[in-house]
Amino acid sequence: MNDYDGFAEAYTADTENNLVNAHYERPAMTALAGEVSGRRILDAGCGAGPLLAALRERGAIVTGIDASAGMLALARRRLGDDADLRVADLRDPLPFPDGTFDDVVASLVLHYLEDWGPTLAELRRVLKPGGRLIASLDHPFVAYTISDPRPDYFATTDYTSDWRIDGRSTPMRFWRRPLHAMVDAFTTAGFRLTGIHEPRPDPAARELFPEEFDDLATRTCFMFFVVEVPPSTGGPKGQCA
């Protein structure tokens, strides 16, 4: 389950210009990143690299990691053979020294993880003091409102969603957790919360997607966090379990 290698080409083609990814999630991530010229940014779970490309176009020095070799092959096709792209699983230690990056972006990836603790500890470790983690993930209300039977909102539990990709149904496994558990995970890892965001899609997309736009613009879909390593710390904390 969640084997992106099996549908990398089809998934990338589907998300390249659609409403949810191209006109909602990615614009929100780039807006939260702000001015990135000259900043070293790690895209943790970069997929085929559309966010990496957008940040590089704005002057960032980018590195991408992903557990899927198939998705990274597409990212290399997009970004060029000299792009810094590496196969790495976010559940494992990261292949970078302490304090390597100014920012980390984690686009729609944390909801695949049952335990955020080791992953957040590693992301904090590779960030410089004052560095930011900008993350998007499924809004905690989504699974609560669409699942039948209704889950316990306060529990951290998994669920499966069937994605229709390239004409076939593909089961994808996600982990739902309440908002307070998300915030607690960030602060336990040593991050300081600077913003929780619930943006809407780019208004310009209304003309491109007249039948879908109002639905997405009026319901919960994704939640965006900006957290930072406190600038006053002398170095990252040890790993949290």
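Miscellaneous remarks
- Each of Leu216 and Arg164 was given a label point 7 Å from its Cα along the Cα-to-Cβ line. The distance between the two points is 1.6 nm.
- Overall Cα dimensions of region 29-165, principal axis frame, Å, largest first: 48, 36, 29
- Each 5 Å bin from zero holds the following percent of Cα-Cα pairs in region 114-161: 4, 15, 23, 17, 13, 12, 10, 5, 1.
- Rg and Dmax over the alpha-carbon atoms of region 102-212 stand at 16.3, 46 Å.
- With every protein chain in place, region 14-74: carbon and sulfur % of accessible area (1.4 Å): 49
- Debye log10 I(q)/I(0) for region 20-77, one point scatterer per Cα, at q = 0.21, 0.23, 0.30 Å⁻¹: -0.78, -0.91, -1.25
- Relative contact order computed over the chain (Cα-Cα under 8 Å; 6+ residues apart), in percent: 22
- Per-residue extension of 0.36 nm, minus the Cα-Cα distance of Arg58 and Asp92, leaves a gain of 9.3 nm for this segment.
- Applying a DSSP loop filter and a limit of 15 other Cβ atoms within 10 Å to the chymotrypsin sites (Phe, Trp or Tyr not before Pro) in region 116-195 leaves Tyr153, Phe154.
- Taking only Cα atoms of the chain, radius of gyration then Dmax in Å: 17.3, 52
- Neighbour-limited loop hits for GluC sites (Glu not before Pro), region 1-72 (at most 10 other Cβ within 10 Å; DSSP other than H, G, I, E, B): Glu35
- For region 1-84, relative contact order (Cα pairs under 8 Å, six or more residues apart, normalised by length) works out to 31 percent.
- Accessible area of region 99-215 belonging to carbon and sulfur atoms, whole % at 1.4 Å probe: 49
- Around Ser161: net Lys/Arg minus Asp/Glu count, Cβ-Cβ under 12 Å: 0
- Most mobile listed residue (Pro129, Pro50, Pro93) in the chain, GNM with C-alpha springs under 10 Å: Pro93
- Convex hull per residue volume in Å³, alpha carbons only, for region 64-130: 98
- Dividing the summed helix terms, -39500 (n - 2.57) for each DSSP H run of n ≥ 4, by the number of residues in the chain produces a 222 nm estimate of -7500 deg cm²/dmol to the nearest 500.
- Applying a DSSP loop filter and a limit of 13 other Cβ atoms within 10 Å to the trypsin sites (Lys or Arg not before Pro) in region 46-148 leaves Arg91.
The values are calculated or read from the model by the stated rules, or taken from the named source; none is laboratory data. In this text, all values refer to a predicted model and were calculated from it rather than measured experimentally. Positions of Cβ are generated from backbone atoms using ideal geometry, with glycine treated the same way; all protein chains shown enter the neighbour counts. Surface areas here come from the heavy atoms of the whole protein model, side chains and all, with no ligands, DNA or RNA. Shrake-Rupley method; radii C 1.70, N 1.55, O 1.52, S 1.80 Å.
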